[in-house]
Amino acid sequence: MQTLAEVEEGKSVRIVEIMGGYGLMSRLLRLGIIKGAVVSVVRNRGPVVLRFGDSIFAIGRGMAMKILVEEVVR
Amino acid sequence: MSNKGELKLVEKEYVVGLIALPNAGKTTLFNFLTGSRGYVANWPGKTVEVYTGFVESDGKKVKLIDLPGIQSLHTLSKEEELTKEFILGKKYDALVLLVNIESLYRSLYFVLQVLEVTNKVVVAVSKLDTAASRGIKIDVAKLEELLRVPVVAISSLKNIGIKELMDKIITVAENKHKGKGKYKLNYEILEEYISKLMAMGEERGIAVRLIEGDSYLLDRINQDKRIKVEELRKEIKKRLGMTPEEYIARVRYEEVERIVKQSVTHTERLTKGKTFGEKFDDFILSNWVLGTLTLLSLTIAGLFVIFAINTGFPLNWILDNVGLSNWATFIENYNLGGLISLGFSLLGNDLVKPLMLMLNAPAWSIDLVINGIIAGISAVLSFVPLVYMINVFMAIVDDSGLMARTSVIFSKISRIAGVSGKTIFPIGISIGCNVPGVLATRILEDDKERYRVMLALPFIICQARLIVMIFMLSAFIISPLLQTSSMLFFYLLSFVMFAIAARLISTIKTYRSEGEELAVELPPYHSPSWKVVNWISWDRSKSFITKAGTVIFPASIVLWLITHIGMHGYTTIPAQSLGYVLGSWVIKVFKPMGINDWQLGLALLSGVMAKEVVIESLAIAFSTDNPIVAVRALHLTIPQTLSILTFIMLYVPCIATLAVIYSETKNLKFVLLNLFTEISLALVASYVVYAALSLLPL
């Protein structure tokens, strides 16, 4: 298990846990990033850039460190 | 659509709400459908502006309401809340949900949320061609089958699918759509709880939202039901080991995935390799320093041009410093704002004044008309071109997709003040002028963050304050080194005060928001449509005239009265006016620094109107035409100069800024809080500066 901030660029991961309050949860929920969602990390320097579905998102590193993920083997 | 303007007997007017996620092209569609003959008005009981327009299709009249863009039914701003209220209120014949194919997952999630509440829906899918070039193809018929409401592929710019969309809207409005019943999502374990609430008389859609903990709905049901809902929510959490909203979101996303799998095919991208946009993203996002510099220079360049055209600043300053002072003077006099003021001053002095003299009008009435009324109108109108151009700039940045990138890049710095990266725009604009800066806070999605920024923004030193700064520094400080370092100090101070104020206000619970950290979507780049940009900008400028203008204008009359009315009625001598009394009273605050001139007190008071007036008012108070003579008449020491300047840089920017803060929030308490914060922080800072400098051997 690792946090989203530690994922190598190009890898796909499944979100296992979001360790944050309601505020953080609802911000992520608005973007569709919820437990169980599979996202791929496009860029991981500074803000973490993610691809989820057809969209690209950027989230802060602090936020990414609060998201636990597991690697998805394709 | 037939828009021939023939008078026909219209059987019924259908009310249709147009709803979309950001960047879906909603404005373009609305504009196209209504032929930009929409009108804008505040929504009843709200401070949110909503456009309404009329479309006629086959003799049937549709009243189309362009609701504010919404991200999700988990609302953050009053705009989003209005759209949600509209959806839940069900006072419409149909809803058009414009789906952005570039963020299909979230769009469909939103569609599902709405379909739970109502099936009077037509889904319009836009931007199919851009998606096709990225290898994404959508099966519209399949989607229609899965969602059980009409789905239409449209392109407003190419006039594709518009007639079909109108037909489908009418079909839905007349309840003639033949779908396979109402869309229903199975929430498995939650179904028994949903049934419980439905047994208490709630509709299914509302029951689901209540279990989700929708605070808007929870506030509007009776006490007993609310307690029941809270009980159920606790029970669910215990049973599932996660909150009901998480569970519901998961079920919906799984459904979205199923729908996408069945209706979307991914093929080879038409464009091989990375697009320009993707390469640009790689460049700015991979190196923070490069990214910051690139976006900062783009922003500065844009704002530089706009301010140079409208106010001359900062081009005049640059020209002056490279020795082209003739050019600098030319630009100072012949910028748009300057020309408008010149026009009004000519109108007043060369037309109205002689006319009134001819009619034997009393002196006070001539003075009031010229220096009160005409000057007031001029003050409002000289802002209009600037507000318009800033709106164009912001619309382009937003529509092109650059805004989201800026938010990412600048979040690293803006986090110091606890605000998002987009705040760079209101701040950058405020360095030119606080008024359009406040208007630019509209880009912030979270209302609480918007209030925080609006409270802190007046600390950003605008051009008018820079003029006062340069004047006073050159009057009392001889050393160019000390002059320059003082200027730098004041700008630095203004940013620090911005951060302090933004942080201070978040100690008040009403203005605190969690998760101020970055979380944004990066939409693909677009070239903005000029038609749409112009339409939005012009409309916002018109609303500035009516809303802010109605506050700025009377305020300028009040200020005229203060400086021209005294114990013995109308007077042209400031020492006999009400201003003398008020000025002597205001300056008492600066007694600890040894400053006692009522003239300065009056100037500070006039400075509430506009900072340009500070110097002018000193000249009038000391009865001289030469402003430098007036400023020097104060005989200030260096610590006194820098301390009073600190105050001038930080206290109330101008009445126009307060007016737009009021017209944007319609919250008098907040405006007063603003006033209080500005004045108290300005005082504290000026005392500190004085105390610190008095210890130095200057």
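Pairs of Cα atoms under 8 Å, at least six residues apart: use those to get the relative contact order of segment B:254-393, whole percent.
Taking the mean separation of contacting Cα pairs over the length of segment B:254-393, I get 19 percent.
Which ordering of B:Phe344, B:Phe304 is given by a fewest-first count of other beta-carbon atoms within 10 Å?
Taking fewest neighbouring Cβ atoms as first place, the list is B:Phe304, B:Phe344.
If I model segment B:551-635 as equal point scatterers sitting on the Cα atoms and use the Debye formula, what is log10 I(q)/I(0) at q = 0.20, 0.26 Å⁻¹?
Debye output, listed in q order: -0.89, -1.33.
Average partner chain C-beta neighbours within 10 Å, per residue of A:63-73?
1
Let me see the P(r) profile for segment A:2-71: every Cα-Cα distance counted, bins of 10 Å, each bin given as a percent of all pairs.
23, 65, 12
Out of residues 5 or more away from B:Ile136 or on other chains, whose amide H comes under 5 Å of its own, with H placed 1.01 Å from N in the peptide plane?
B:Thr267
Assuming 0.36 nm per residue, please report the length gained on full extension of the stretch B:Asn321 to B:Glu192 beyond their Cα-Cα distance.
Computed gain between B:Asn321 and B:Glu192 is 38.8 nm.
Given that compact globular proteins tend to follow 2.2 N^0.38 Å, what is the ratio of the alpha-carbon Rg of segment B:430-587 to that value?
Computed over Cα atoms of segment B:430-587, the ratio equals 1.42.
Listing A:Lys35, B:Lys261, B:Lys178, B:Lys168 from the residue with the fewest other Cβ atoms within 10 Å to the one with the most, what is the order?
B:Lys178, B:Lys261, A:Lys35, B:Lys168
Give me the dipole magnitude in Debye, nearest 20, for the protein assembly as shown about the Cα centre, with unit charges on the beta carbon: positive for Lys and Arg, negative for Asp and Glu.
1220
Among B:Tyr109, A:Ile67, B:Asn23, flag the residue with its Cα farthest along the positive direction of the charge dipole of the protein assembly as shown, charges on Cβ as +1 for Lys/Arg and -1 for Asp/Glu.
Sorting the options by dipole projection puts first B:Tyr109.
Given a Förster distance of 25 angstrom, what is the FRET efficiency for B:Phe676 paired with B:Lys591, based on the Cβ-Cβ distance and rounded to 0.05?
It comes out at approximately 0.75.
Using a Förster distance of 25 Å, how high is the FRET efficiency between B:Val496 and B:Ala691, based on the Cβ-Cβ distance and rounded to 0.05?
0.90
Please state, as a whole number in µm²/s, the translational diffusion coefficient that the Stokes-Einstein equation yields for segment B:1-156 at 10 °C and 1.306 mPa s, with Rh defined as the Kirkwood radius across alpha carbon pairs.
Translational diffusion coefficient: 98 µm²/s.
Any idea what diffusion coefficient chain B gets from Stokes-Einstein, in µm²/s, Kirkwood Rh on alpha carbon pairs, 25 °C, 0.890 mPa s?
Approximately 86 µm²/s, per Stokes-Einstein.
Only bridges whose two residues both fall in the protein assembly as shown count here: according to DSSP, what percent of them are antiparallel, nearest 5?
The antiparallel fraction comes to roughly 65 percent.
Among B:Asn349, B:Cys462, B:Val48, pick out the residue whose Cα is farthest towards the positive end of the charge dipole of the protein assembly as shown, where Lys and Arg carry +1 and Asp and Glu carry -1 on C-beta, about the Cα centre.
Value computed over the given set: B:Val48.
So if I restrict to the alpha-carbon atoms in the protein assembly as shown, what is the Rg, and what is Dmax, the biggest pairwise distance, in Å?
For the protein assembly as shown, the Cα-based Rg and Dmax read 29.4, 92 Å.
Tell me, in nm to one decimal, what length is gained between B:Glu612 and B:Ala363 on full extension, where the rule is 0.36 nm per residue of separation less the Cα-Cα distance?
Additional length available on full extension: 87.1 nm.
With a point put 7 Å past each Cα toward its Cβ, work out how far B:Ser133 is from B:Arg250 in nm, to one decimal.
The answer from the label model is 4.0 nm.
As an exercise, use a Förster radius of 51 Å and the Cβ-Cβ distance of B:Phe276 and B:Leu240 to find the FRET efficiency, rounded to the nearest 0.05.
Calculated transfer efficiency: 0.65.
Could you work out the helix-only [θ] at 222 nm for chain A, with each DSSP H run of four or more residues adding -39,500 (n - 2.57) and the total divided by the number of residues, to the nearest 500 deg cm²/dmol?
-4500 deg cm²/dmol
Using +1 at the Cβ of each Lys and Arg and -1 at the Cβ of each Asp and Glu in chain B, identify which of B:Asn596, B:Thr329, B:Ala691 lies farthest towards the dipole's positive end.
B:Ala691
Measuring from label point to label point, each 7 Å out along Cα→Cβ, what is the B:Asn159 to B:Ser479 span in nm?
Computed distance between label sites B:Asn159 and B:Ser479 equals 7.2 nm.
Placing +1 at every Lys and Arg Cβ and -1 at every Asp and Glu Cβ, with all other atoms neutral, what dipole size does segment B:366-506 have around its Cα centre, in debye to the nearest 20?
It comes to approximately 420 debye.
Could you work out the helix-only [θ] at 222 nm for chain B, with each DSSP H run of four or more residues adding -39,500 (n - 2.57) and the total divided by the number of residues, to the nearest 500 deg cm²/dmol?
After summing the helix terms and dividing by residue count, I get -18500 deg cm²/dmol.
Suppose every Lys and Arg Cβ carries +1 and every Asp and Glu Cβ carries -1, with no other charges. What dipole size does chain B come out with about its Cα centre, to the nearest 20 debye?
The dipole magnitude comes to about 1080 debye.
What is the extension gain from B:Tyr570 to B:Ile221, computed as 0.36 nm multiplied by their sequence separation minus the C-alpha to C-alpha distance, in nm to one decimal?
Computed gain between B:Tyr570 and B:Ile221 is 119.7 nm.
Relative to the longest principal axis of the C-alpha atoms of chain B, give the angle of the C-alpha long axis of helix B:276-286, reported between 0 and 90° and rounded to the nearest 10°.
For B:276-286 against chain B, the angle is about 60 degrees.
Taking each residue in B:245-257, count the Cβ atoms of any other chain within 10 Å of its Cβ, then average. What number comes out?
3
When a/c reaches 1.5 or more, the comparison of a/b and b/c decides; with that in mind, is segment B:167-266 rounded, prolate or oblate per its Cα gyration tensor?
oblate
I need the per residue convex hull volume for segment B:12-93, using only the alpha carbons, in cubic angstrom as a whole number.
With only Cα atoms used, segment B:12-93 gives 94 Å³ per residue.
Could you quote the convex hull projected area for segment B:540-698, Cα atoms only and averaged over all directions, in nm²?
So the mean shadow area of the Cα hull is 10.5 nm².
Ignoring solvent entirely, what values of log10 I(q)/I(0) come out of the Debye formula for segment B:199-327 at 0.09, 0.21 Å⁻¹ when each Cα is a single scatterer?
Here the Debye-derived log intensity ratios amount to -0.69, -1.18.
Please arrange B:Tyr388, B:Tyr92 by how many other C-beta atoms lie within 10 Å of their C-beta, fewest to most.
Ordered by Cβ neighbours within 10 Å, fewest first: B:Tyr92, B:Tyr388.
Pop a pseudo-label 7 angstrom from the Cα along the beta-carbon direction at both B:Leu504 and B:Asp58 and give the gap in nm to one decimal.
Those two pseudo-labels are separated by 6.3 nm.
Read-outs: derived from the displayed coordinates by stated rules, not from any lab. Not measured: the values here are computed from a predicted model. Glycine gets a Cβ as well: all are built from the backbone with ideal geometry, and neighbour counts include every protein chain shown.
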